[in-house]
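> Okay, here's the structure, questions in a sec.
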Amino acid sequence: MVYIIDNQLEKAVKVSFVAIILSAIGLIHAPKLAILYNYKSALAYLIMGIILWGFSITLKDVEDENESLRNTMTD
C-alpha cells in the first residue's frame, strides 16, 4: 500500500508477485503450510499485480515526473 501511495507502482507490482508466492505456499492467509490451501488470496494478489502492472505502464510519465520532483526537493 505504501508503494501505491508513493506512486512507486513498479515496486508495488514486485511486492504483489512476492505475495502470490507466499500466499500460494501458505505462509500468509492460511492456517497451515500447504500448496494453494487458500487459492482465492493468491488469485486476488495476481489480479492486483496485473492491474498495478497495467497502471505502471500507462502512468509511467507521472511516476517519472514525481521522481524528478522528489529529487529536486531533496537536493
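> Of 9, 69, 36, which is farthest on the positive side of the dipole of the chain, counting Cα position, with +1 on Lys and Arg Cβ, -1 on Asp and Glu Cβ, and the Cα centre as origin?
36
> Give me the one-decimal nm value for the distance between modelled label points at residue 18 and residue 59, 7 Å along each residue's Cα-to-Cβ direction.
Each label point lies 7 Å from its Cα, and together they span 2.1 nm.
> May I pose another question? Run down the lysines and flag those whose C-alpha is under 24 Å from the C-alpha of residue 32, throwing out any fewer than 8 positions away in its chain.
Cross-link targets: 40.
> Another question, if that's okay. Rounded to the nearest 10 degrees, what's the angle between the helix 39-58 long axis and the longest principal axis of the chain, both from Cα atoms, 0 to 90?
Roughly 20 degrees between the two axes.
> Semi-axes, largest first, in whole Å: what does sqrt of 5 times each Cα gyration tensor eigenvalue give for the chain?
One finds semi-axes of 31, 12, 7 Å for the chain.
> I would also like to ask the following. Sort 66-73, 15-22, 27-34 by packing, meaning the average of other beta carbons within 10 Å per residue, with the highest value first.
Per-residue mean Cβ counts within 10 Å order the peptides as 15-22, 27-34, 66-73.
> Sticking with this one: Quote the charge dipole size of the chain about the Cα centre in Debye, to the nearest 20; the model charges only the Cβ of Lys and Arg (+1) and of Asp and Glu (-1).
In total the dipole reaches around 640 debye.
Just so you know, all these numbers are worked out from the coordinates, no wet-lab data involved. The shown structure was predicted, so the numbers you read here are calculated from the model rather than taken from an experiment. Note: ideal-geometry Cβ built from the backbone for every residue, glycine included; neighbour counts use all protein chains shown.
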